[in-house]
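Enquirer: Take this structure first; my questions come after.
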Amino acid sequence: MSEVVLKTENLGISFGGLKAVDNVNIEIKRKQLYGLVGPNGAGKTTVFNLLTGVYQPTTGCFYLNGEKLTGKTQEQINHKGIARTFQNIRLFNNMSVIRNVLVGLHNQPEFKCNPFVSLLRLPRHFKVEKAMRERAKEILRIFDLEDERNNLACNLPYGKQRKLEIARALATNPKLLLLDEPAAGMNPHETEDLMNIIRRIRDEFDLTILLIEHDMKFVSGLCDEITVLNFGTVLAQGKTEDALNDPEVIKAYIGE
Amino acid sequence: MAKLKRIKISDYFCYLIVGAVMIGSFIVAQTGNLPRSYSNLLVQVAYSIILAVSLNLVVGFLGELSLGHAGFMCVGAYMGSYLAMQLSAVVDNKLIVLIVSMLAGGLLAAFFGLLVGLPALRLKGDYLAIVTLAFGEIVRTIFKNMSVFGKAMGLSTQSIKYDTRQDTSLYLVSFATVLVVLFLVQNLVRSKHGRAITAIRDNEIAAKAMGINVTFYKLFVFVIAAFFAGMAGVIYGHYTTPVLYSFFSYNYSIEILVMVVLGGMASINGSIIAAALITFINFQLQSHLSGDLAALKYLIYALILIVLVIFNNAPKLAPIKDKVSPKAMFEKIRAHKRKPGDIRGDKSDWRVIPTKIRMDEVLSVDLQQGNDYTPDKPNKGGN
């Protein structure tokens, strides 16, 4: 449990004169459920964008399992083992549910297939397609989406779209999963269900999970450690209970 | 797995229709009744299909607007034909010359595709369209000014041209090429790589986050499309003489795009039918309108296009369309095989129409800047 998976060092980015994220130091251990909370505009999603290579940090760097990933492209970072979901759902809307997951499986080494092999439909193509489909079904089963696999992603209800996005991210076989408000727009029953799924995938896939969430019940029920951000800087860090009861944090959320 | 192996007629529709035309006309030709003009038309249809299907890869599946497809055809036509002329001096067999030059012309066009694609595919939407448009114009101007290719007189391909009065085999070779192109394109779009390509079209940001190598796939599709366009160019070079720069104008690129749009984005069957239809209309107008009436060609052509587009899109005409379209018939056959809840088989949804490019937006002046793109929901949710 003590192995550090993600480590950020003085991570920061400024847009012009605005320091959107400044000096963020986070250490996440293996199989940990780590929360990133803060008021709107605190820079939580920006941290995610930094960690996935959407933005390049202006200061500091971050390491995954000791390997420096700063400066790599989104694709490279994904190959190294960081996958994410989006705050505003970004599914492949015009593709079926299973195909969304299949796109996630695209880069797995066991499903490597040269484009020219597919172009000529050599036996390898069929073998890979079949194996990918089986794997995708297994992943969908965890999220209870197997029966809907042939529906278009855009026709799913909101809660299931969120789950599908996690399933798709999981298909890329990440070591670290970044969930951006996974419970947003879900009813209490769905939230409960999601918490169980998150715990389950962490154990089954040996995952480390960093999540952004506004639902404090969700955060305190799931995460053992959190970081509270406000105006791009770290306000409090540590055990969930302690950090949430920090007077500074309460002040930032509900004022004095 | 039974589902995977189930053969759907609509998936093989394109081979069936192309094969049927090919065999049908071959039989007619054997009886000696195939008019010369029709074997000409068939060659035109064949290279139009190759062009439309390959452009559909870029526009319909990848979702990038390319207006320089005729430019790639131009490369193939000039360079491939030139090579064929050199080759025919050494090799006697006409077929081998054609096939070799087709491959070479395709490869050269693909090389140009790579050359243009590397810088251009960093651009998005309208900007890419402008760069590809410029490419098409630049290429044909270069060929126009090279003395090897006959300058403004064009490259005379008399020595390799198939004379349709004696030898009608060019349309057979062309149609065989169409079948090969269709086979490759269908395989590509139905593979994991096709999925990656449609994922890029659907949501580029998410595709990147899923580790899809967006640059590679964009380039790959661009190069493959250029390759096929080059092959079409070589067929053109064998069909007519001289190969003239003015044929590969901006208008021709647009005509190919019209075939794609009319047939439906990301619909290969549609592209085939639209390419055949438009070529046929053009051919008929050209042969029936002579003298002063020739000026009417574009007017009638435009009217036919407008009627077709309205027929395709008008909601009130939808019931009529549902009755006559082959797609509706396939749906009917499939409908009672389907379990409730299934919208469509997961194998078949590579045919889904919506695309990043909405033509009315591309063609209209007041583009809304900065709006996050949200794709249209497909209007075929139910049956």
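The values are calculated or read from the model by the stated rules, or taken from the named source; none is laboratory data. No experiment lies behind these values; they were computed from the predicted model shown. Quick reminder, even Gly has a Cβ in these numbers, built from the backbone with ideal geometry, and neighbours come from all protein chains shown. In case anyone asks, the SASA skips ligands and DNA or RNA and just uses the protein heavy atoms, side chains included. Shrake-Rupley method; radii C 1.70, N 1.55, O 1.52, S 1.80 Å.
Enquirer: Inspect all residues belonging to segment B:212-231 and state whether any of them is under 27 Å from B:Leu16 (Cα atoms), open to solvent by 10 Å² or more (accessible area, probe 1.4 Å) and away from chain A (no Cβ under 14 Å).
Expert: Looking through segment B:212-231, at least one residue is under 27 Å from B:Leu16 (Cα atoms), open to solvent by 10 Å² or more (accessible area, probe 1.4 Å) and away from chain A (no Cβ under 14 Å).
Enquirer: So, one more: Applying the selection to segment A:93-110, what residues are out of contact with any Gly (no Cβ under 6 Å at 6 or more places or on another chain), within 7 Å of chain B (Cβ to nearest Cβ) and not small (Gly, Ala, Ser)?
Expert: Start the filter on segment A:93-110 by keeping residues that are out of contact with any Gly (no Cβ under 6 Å at 6 or more places or on another chain), which leaves A:93-106, A:108-110.
Checking the rest, the ones that are also within 7 Å of chain B (Cβ to nearest Cβ) come to A:93-96, A:98-99, A:102-104, A:106.
Correct list: A:Asn93, A:Asn94, A:Met95, A:Ile98, A:Arg99, A:Leu102, A:Val103, A:His106.
Enquirer: Need the failing condition index for A:Met186 against (1) among the aliphatic types (A, V, I, L, M); (2) at pLDDT 90 or above; (3) out of contact with any Phe, Trp or Tyr (no Cβ under 7 Å at 6 or more places or on another chain); (4) within 21 Å of A:Asn88 (Cα to Cα), just the number.
Expert: Result: A:Met186 passes all but (2).
Enquirer: Restricted to segment A:83-92, and to residues that are open to solvent by less than 20 Å² (accessible area, probe 1.4 Å) and among the hydrophobic types (A, V, I, L, M, F, W, C), which residue is nearest to the other protein chains (Cβ to nearest Cβ)? Even if it seems obvious, please write down each step before you answer.
Expert: Of all residues in segment A:83-92, those open to solvent by less than 20 Å² (accessible area, probe 1.4 Å) come to A:83-86, A:91-92.
Narrowing further to those that are among the hydrophobic types (A, V, I, L, M, F, W, C): A:83, A:86, A:91-92.
Working: A:Ala83: 7, A:Phe86: 7, A:Leu91: 7, A:Phe92: 4 Å.
Result: A:Phe92.
Enquirer: Now, a different point. What number of residues in segment B:141-153 are in contact with a helix residue (DSSP H, G or I) (Cβ under 7 Å, 6 or more places away or on another chain), under 30 Å from B:Leu123 (Cβ atoms) and modelled with pLDDT under 90?
Expert: Residues in segment B:141-153 being in contact with a helix residue (DSSP H, G or I) (Cβ under 7 Å, 6 or more places away or on another chain), under 30 Å from B:Leu123 (Cβ atoms) and modelled with pLDDT under 90: 1 in total.
Enquirer: Further, regarding this structure: Just one of the numbered conditions (1) in a loop (DSSP other than H, G, I, E, B); (2) more than 14 Å from chain B (Cβ to nearest Cβ); (3) basic (Lys, Arg) is not true of A:Lys19; which one?
Expert: Of (1) in a loop (DSSP other than H, G, I, E, B); (2) more than 14 Å from chain B (Cβ to nearest Cβ); (3) basic (Lys, Arg), only one is false for A:Lys19: (1).
Enquirer: Also, I was wondering about something else. Name the single residue that is farthest from A:Glu204 (Cα to Cα) among those in segment A:135-161 being more than 12 Å from chain B (Cβ to nearest Cβ) and open to solvent by less than 10 Å² (accessible area, probe 1.4 Å).
Expert: A:Gly159
Enquirer: On to the next question. From the list B:Leu115, B:Leu95, pick out the single residue that is on the phi < 0 side of the Ramachandran plot, free of Cβ contacts under 8 Å to residues at least 12 places away in the same chain and in a helix (DSSP H, G or I).
Expert: Working: B:Leu95 fails: free of Cβ contacts under 8 Å to residues at least 12 places away in the same chain.
Testing whether each residue is on the phi < 0 side of the Ramachandran plot, free of Cβ contacts under 8 Å to residues at least 12 places away in the same chain and in a helix (DSSP H, G or I) leaves just B:Leu115.
Enquirer: A follow-up question, please. Report yes if some residue within segment B:55-64 is open to solvent by less than 20 Å² (accessible area, probe 1.4 Å) and among the charged types (D, E, K, R); otherwise report no. Let's see the steps before the verdict.
Expert: Step one: of segment B:55-64, the residues open to solvent by less than 20 Å² (accessible area, probe 1.4 Å) are B:55-64.
Checking which are among the charged types (D, E, K, R) leaves us with B:64.
Yes, segment B:55-64 contains at least one residue that is open to solvent by less than 20 Å² (accessible area, probe 1.4 Å) and among the charged types (D, E, K, R).
Condition check ((1) out of contact with any His (no Cβ under 9 Å at 6 or more places or on another chain); (2) in a loop (DSSP other than H, G, I, E, B); (3) buried (at least 21 other Cβ atoms within 10 Å of the Cβ)) across all residues:
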position: B:Arg122; (1), (2), (3): yes, yes, no
position: B:Tyr127; (1), (2), (3): yes, no, no
position: B:Thr132; (1), (2), (3): no, no, yes
position: B:Asp163; (1), (2), (3): yes, yes, no
position: B:Val178; (1), (2), (3): yes, no, yes
position: B:Ile200; (1), (2), (3): yes, no, yes
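Enquirer: Out of all the residues in segment A:120-128, is one or more of a type outside the set (A, V, I, L, M, F, W, C), facing chain B (nearest Cβ under 10 Å), without any contact (Cβ under 8 Å) to a residue 40 or more places away in the chain and open to solvent by 40 Å² or more (accessible area, probe 1.4 Å)? Spell out the reasoning first.
Expert: Taking segment A:120-128 first, the residues of a type outside the set (A, V, I, L, M, F, W, C) are A:121, A:123-125, A:127.
Narrowing further to those that are facing chain B (nearest Cβ under 10 Å): A:121, A:125.
Remaining after also requiring without any contact (Cβ under 8 Å) to a residue 40 or more places away in the chain: A:121, A:125.
Right, trim to open to solvent by 40 Å² or more (accessible area, probe 1.4 Å) and you get A:121.
Yes: one or more hits.
Enquirer: Of the residues that make up segment A:41-58, is at least one open to solvent by 40 Å² or more (accessible area, probe 1.4 Å), modelled with pLDDT of 90 or more, over 24 Å from A:Glu213 (Cβ atoms) and outside any loop (DSSP other than H, G, I, E, B)?
Expert: No, segment A:41-58 contains no residue that is open to solvent by 40 Å² or more (accessible area, probe 1.4 Å), modelled with pLDDT of 90 or more, over 24 Å from A:Glu213 (Cβ atoms) and outside any loop (DSSP other than H, G, I, E, B).
Enquirer: Residues of segment B:183-193 being more than 7 Å from chain A (Cβ to nearest Cβ) and surrounded by 23 or more Cβ atoms within 10 Å (Cβ to Cβ), which ones?
Expert: Residues of segment B:183-193 that are more than 7 Å from chain A (Cβ to nearest Cβ), as a first pass: B:183, B:185-186, B:189-190.
Within segment B:183-193, just B:Val185 meets the criteria.
Enquirer: Further question: Look through segment A:15-28, keep the residues that are buried (at least 16 other Cβ atoms within 10 Å of the Cβ) and not β-branched (Val, Ile, Thr), and return whichever of them is nearest to the chain's Cα centre (by Cα).
Expert: The initial filter retains those residues of segment A:15-28 that are buried (at least 16 other Cβ atoms within 10 Å of the Cβ), namely A:19-22, A:24, A:26-28.
Those left that are additionally not β-branched (Val, Ile, Thr): A:19-20, A:22, A:27.
Values: A:Lys19: 24, A:Ala20: 20, A:Asp22: 21, A:Glu27: 16 Å.
Going through the qualifying residues, I end up with A:Glu27.
Enquirer: May I pose another question? Please give the number of the condition A:Thr58 fails out of (1) within 19 Å of B:Ala209 (Cβ to Cβ); (2) over 18 Å from the mean Cα position of the chain (by Cα).
Expert: Of the numbered conditions (1) within 19 Å of B:Ala209 (Cβ to Cβ); (2) over 18 Å from the mean Cα position of the chain (by Cα), the odd one out for A:Thr58 is (1).
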